[in-house]
There are 2 protein chains.
Amino acid sequence: MRNHDPERFGATYRVRADQRNIQARAQALALEQSIEMPLDAVTQDFVRDRIVARVASIEPAGAGAFDVTLSFATSTTGLEAGQLMNMLFGNCSLQPDVELRAFEPDGELLRALPGPRFGVQGWRRALGIDGAPPRPLTCTALKPQGQSPQQLAELAATFALAGIDVIKDDHGIADQDSARFAPRVAAVQKAIRQAARERGGDTRVLYAPTLSGGPRRLREQLRVARDEGVGAVLVCPMLCGVPTLVELVREEAGVPILAHPAFAGNVRIAPDLLLGRLFRMFGADATIFPNFGGRFSYDRATCRAIADRAREPLEHVAPILPVPAGGMGTERVGEMIREFGSDVMLLIGGQLLAGAVTPGDSVLARATAFVERVRHDSASMHSTGAERHHE
Amino acid sequence: MRNHDPERFGATYRVRADQRNIQARAQALALEQSIEMPLDAVTQDFVRDRIVARVASIEPAGAGAFDVTLSFATSTTGLEAGQLMNMLFGNCSLQPDVELRAFEPDGELLRALPGPRFGVQGWRRALGIDGAPPRPLTCTALKPQGQSPQQLAELAATFALAGIDVIKDDHGIADQDSARFAPRVAAVQKAIRQAARERGGDTRVLYAPTLSGGPRRLREQLRVARDEGVGAVLVCPMLCGVPTLVELVREEAGVPILAHPAFAGNVRIAPDLLLGRLFRMFGADATIFPNFGGRFSYDRATCRAIADRAREPLEHVAPILPVPAGGMGTERVGEMIREFGSDVMLLIGGQLLAGAVTPGDSVLARATAFVERVRHDSASMHSTGAERHHE
C-alpha cells in the first residue's frame, strides 16, 4: 500500500442544479459517493486526505446542468469490480438528478481488473481467420426459447452450414425445463461440429451458450461448456452481477465472452461507459448493444461511442468487438460495415427466421445470404479503401 | 413439468404510447420479453401456446400512458432469480418508454425462490426480544471507510454500549486495504461482544459486516463471518447480482440478511417492487430504503409502498423489516414509528457521528439518546394505541 501520492481516478457526472447551488451539490455528491457522512464529522486526517472524494472540476453543461468531475482514491475500490461500481454509482443511483457520464480509470485499476482475455484478435484466432484480411464476424441467435435441445440443435446446424461464425443462444434461453443447459449444449455443440465438417474447408463455428444463475449453477455450466468444447459463452453482466463476471466467468470460461446488455438499460450510466468501457475492463471480449434504427432507441452517436470505448487504446487492455444488434437485417450489412469498420461482429437474429415455415431451407438461404453479404461488402470496402478510419 | 394449465405470473408495465398504437406496442413488449422475435416466425405450437407472453390487459394511466399487464409462463424463468429479472425487465430495460410497475408472482415461483430465512420474527429472536411487546429495532452504521479495524471496533463498541440492536458496516466499507474483511470483522465482533457484556443484562447486539465481491471472495467472507459468530450480514443485491444473493448468500449466511439499495435506484422498476417484494423473495430479511425527507427523493407514498411490500401477506413468505434511512435523525424517531409501526428497523448513521470530536462520549450520548427515544416513543405508542394499523 502506497502511503504517498496514492492512485486516483476520475468520474464525471451530469448533475441537474442551479448555478447558485452547484458547488454545494457537487460537494454533497463527493461525500455521498465516498464517506457517506458530513465532512465535519470526520475525525481522522487520513480519511480526510486520502479517502474522501474531491470535486476536481465543475463545468456548465447546458441550461440547469453541470458536469461535475470527482477524483476518487483508487484504494476505496479495493480493486474489486462490484465495489468500483459502488463508488461510481452506488448511492447516487438513487438520486435522479445525477447521471454518470464518464470514468477515467487509473493504471492500478486497469491492472487489477482482468480485462478481456481474447479481445478482437482472440476471436479471429478462435475462428482461424487471423491470417486473412480482417472482416466483420457474423453472429446469430438460437431462438425462440421453449424449443427442445434437438430443435435448437437443428437450427444451429442450419446456421453453421451457412457459415455463420458465432451462434449464440438467445439470452432468454437460460436453464429452463424445455432445454436444460447440459443436454442443450451437448446437442447444439455436436450439431455445429457436424455441420462445420459437412461444410468443409477450414470452417470453424463458435457456439456461445447463455450462462445464467448463481455461482454454483454457473460453475457447473462452465464445466459442461468446457467438457463439450464450446467456443464461446454469452453472459448478461447486469443480471449475474459484475463481480461474478470478473471472478468466475472471466477466470473459468477459457473461451471468448460475449456480453449481453439485458437489464443494463437506462440506469443513468452512459451506455458507452457501461457497455463499452466497463464491460471491457471486467473481461468481456465482445459487447452486444442495440444499434440505432432497430427496435431500441440508442442514437447513432451513442452507438459510435460504444464502439469507440470498446476498441480505443486503453493501456495494455485489448480492444474488444462491438456487436450492433436489436432488429438488424441483412440489408443493413453494408451500412454497418461503413459505420463500424471491420473490427465488429454483426448480429442478425429474428430476421433470419422471420417468415420461415420450417427451420430448413429458407433459414439456410437467409443465413447464407447474410454471410455472403458480409464477405462481399467487406471485400469491396477493402478494395475501395472506404472503411471509416478508426484510431 | 405440468403439461396442462401451466403456471403463469403477471407483470404490469407503465408504457408511454398513443391510444392508436398501444395495442401494437403492448404486443411488441410481450414478444420482446419472451421470445424476442416476430410471432409469425414461430413454427412450434408449443412455443406459441406456452412460452410467448400474452397481453392480459391494457388500462389507460393518464395522458399518453397505459398500464399493460403481461401474463408470463412461469417455466420461462427456469425458477431462477436472474432469469426472472431477465423475463421481467431484461431487454425492455433498454426501452425508455417502459417502466416495470408491479409483479404478481405465482405460487410456483414463490415456492422456488428462497424468501427470507428469518424475517421480522427472526430478527427479534436473534436479539432475544421476541417475548417482549414488539418495538422498532435500532440500527446504525460504522463509518467512514478508510479507518483501521481497530478504529472501527472502537466505534462499534461505543454503539454497542449504547444498546443499539444492529450495527452494520457502511456499505462502502468493502474489502479495502484500510480494513480488510477478516481482521475488521474479527476486531469489530470482539469489541461488540465485550461492550454488550459490559452493558450487562441480556443485551444482544448484532454486527452486520458488508459482503462484497465475486463468489470466491464472498464464500470466504461468509466463512469468516461464521467463524467469528457475527449476527447478521449486509449485502447490495444489485451489485453482487440477485442470483448470488439467492444461491450463495441466502444459502450460506445462516444469519439475517440486510439488503442495501446501492445501484438499485431509478432503473425504471418501481422501488416498492424491487426493494420491497423482489429482495424479500430473493432472501433478504430486512430492506434498507431512502426515507422521504432525507438526502434522497423518494416520496412518502413510495416509502409506504416499500414497507407494505416488505410486510404484507405473501403466501408462506415471511414478512421482512423495512429500514427507512438516508439522512435520518433522532428527532424523526416518533414520526417514523407513527409512519411504519413497530415492525421496522430505524437506521440512523451520520447524525450520530456529526460534530463528534472523538468517537467517545458525544457519540455514546447521541447513540444512547437514539436508543432511549425509540424505546420511549414505542412504549407510549403501545400505551396510547396510536400505532398506524397494518394489514
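The values are calculated or read from the model by the stated rules, or taken from the named source; none is laboratory data. Worth saying up front: this structure is predicted, and the values here are computed from it rather than measured. Here the Cβ is made from the backbone with ideal geometry for all residues, glycine too, and neighbour counts use every protein chain on show. These area figures cover heavy atoms from the full protein model, side chains too; ligands, DNA and RNA do not enter into them. Shrake-Rupley method; radii C 1.70, N 1.55, O 1.52, S 1.80 Å.
At a glance:
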{"read-out": "Chain-alone versus full-assembly comparison, the stretch B:205-224, residues with accessible loss of at least 20 Å² (1.4 Å probe)", "value": "B:213, B:214, B:215, B:216, B:217, B:219"}
{"read-out": "Two-site label geometry, residue A:40 and residue A:57: point separation in nm, points 7 Å out along Cα→Cβ", "value": "3.1 nm"}
{"read-out": "Heavy-atom accessible surface of chain B: percent carbon and sulfur, 1.4 Å", "value": "49 percent"}
{"read-out": "Alpha-carbon centroid distance for the pair the stretch B:150-202 / the stretch B:300-351, whole angstrom", "value": "24 Å"}
{"read-out": "Chain A: antiparallel DSSP beta bridges as a percent of all, rounded to 5", "value": "50 percent"}
{"read-out": "Shielding by partners, peptide A:105-112 (average Cβ within 10 angstrom, other chains)", "value": "0"}
{"read-out": "Farthest toward positive dipole pole in chain A [+1 Lys/Arg, -1 Asp/Glu at C-beta], among A:123, A:189, A:15", "value": "A:189"}
{"read-out": "Karplus 3J(HN,Hα) series, Hz, for the stretch B:19-25 with 6.51 cos²θ - 1.76 cosθ + 1.60 (x for Gly, Pro)", "value": "3, 6, 10, 5, 4, 5, 5"}
{"read-out": "12 Å beta-carbon shell around residue A:256, net charge (K/R +1, D/E -1)", "value": "+3"}
{"read-out": "Peptides ranked, highest mean first, by Cβ atoms within 10 Å: ranges B:185-192, A:221-228", "value": "B:185-192, A:221-228"}
{"read-out": "Check: chain A dipole with +1 on Lys, Arg Cβ and -1 on Asp, Glu Cβ, in debye", "value": "740 debye"}
{"read-out": "Gyration tensor verdict on the stretch A:1-138 (Cα atoms; rounded if a/c is under 1.5, prolate if a/b is larger than b/c, oblate otherwise)", "value": "oblate"}
{"read-out": "Shielding by partners, peptide B:133-145 (average Cβ within 10 angstrom, other chains)", "value": "3"}
{"read-out": "10 °C / 1.306 mPa s Stokes-Einstein diffusion coefficient of the stretch A:243-328, Kirkwood radius on C-alpha pairs, µm²/s", "value": "122 µm²/s"}
{"read-out": "Relative contact order of the stretch A:13-165, defined on C-alpha pairs under 8 angstrom at six or more residues apart (%)", "value": "22 percent"}
{"read-out": "Peptide A:173-184, shielding by other chains (average Cβ, 10 Å cutoff)", "value": "4"}
{"read-out": "Point-to-point label distance, residue A:318-residue B:129, nm (Cα→Cβ direction, 7 Å offset)", "value": "5.6 nm"}
{"read-out": "Å² per residue, accessible surface of chain A at 1.4 Å", "value": "35 Å²"}
{"read-out": "Label-point gap, in nm, between residue B:49 and residue B:150 - each point 7 angstrom along Cα→Cβ", "value": "7.3 nm"}
{"read-out": "Listed peptides A:133-140, B:373-380 by packing density, highest first (mean Cβ within 10 Å)", "value": "A:133-140, B:373-380"}
{"read-out": "Angle in degrees between helix B:361-384 and the longest Cα principal axis of chain B, rounded to the nearest 10", "value": "60 degrees"}
{"read-out": "Chain-alone versus full-assembly comparison, the stretch A:53-80, residues with accessible loss of at least 10 Å² (1.4 Å probe)", "value": "A:75, A:76, A:78, A:80"}
{"read-out": "29 Å Cα-Cα reach of residue A:190 towards lysines, excluding residues that sit fewer than 8 places from it in its own chain", "value": "A:143, A:168"}
{"read-out": "Antiparallel content of DSSP bridges confined to the protein assembly as shown, in %, to 5", "value": "50 percent"}
{"read-out": "Area hidden from solvent between A and B (accessible, protein heavy atoms only, 1.4 Å, total, Å²)", "value": "6700 Å²"}
{"read-out": "Contact order relative to length of chain B, as percent, for alpha carbon pairs under 8 angstrom and 6 or more apart", "value": "16 percent"}
{"read-out": "Degrees, to the nearest 10: B:181-199 long Cα axis against longest axis of chain B", "value": "50 degrees"}
{"read-out": "Point-charge dipole on Cβ atoms (K/R +1, D/E -1) for the stretch B:104-152, about Cα centre, debye to 20", "value": "340 debye"}
{"read-out": "Charge dipole (chain A, unit charges on Cβ, about Cα centre) - positive-most of A:349, A:245, A:47", "value": "A:349"}
{"read-out": "Rg [Å, one decimal], Dmax [Å, integer] - the protein assembly as shown, C-alpha atoms", "value": "26.5, 88"}
{"read-out": "Tensor-based shape of chain B (alpha-carbon gyration tensor, a/c under 1.5 rounded, otherwise prolate or oblate)", "value": "prolate"}
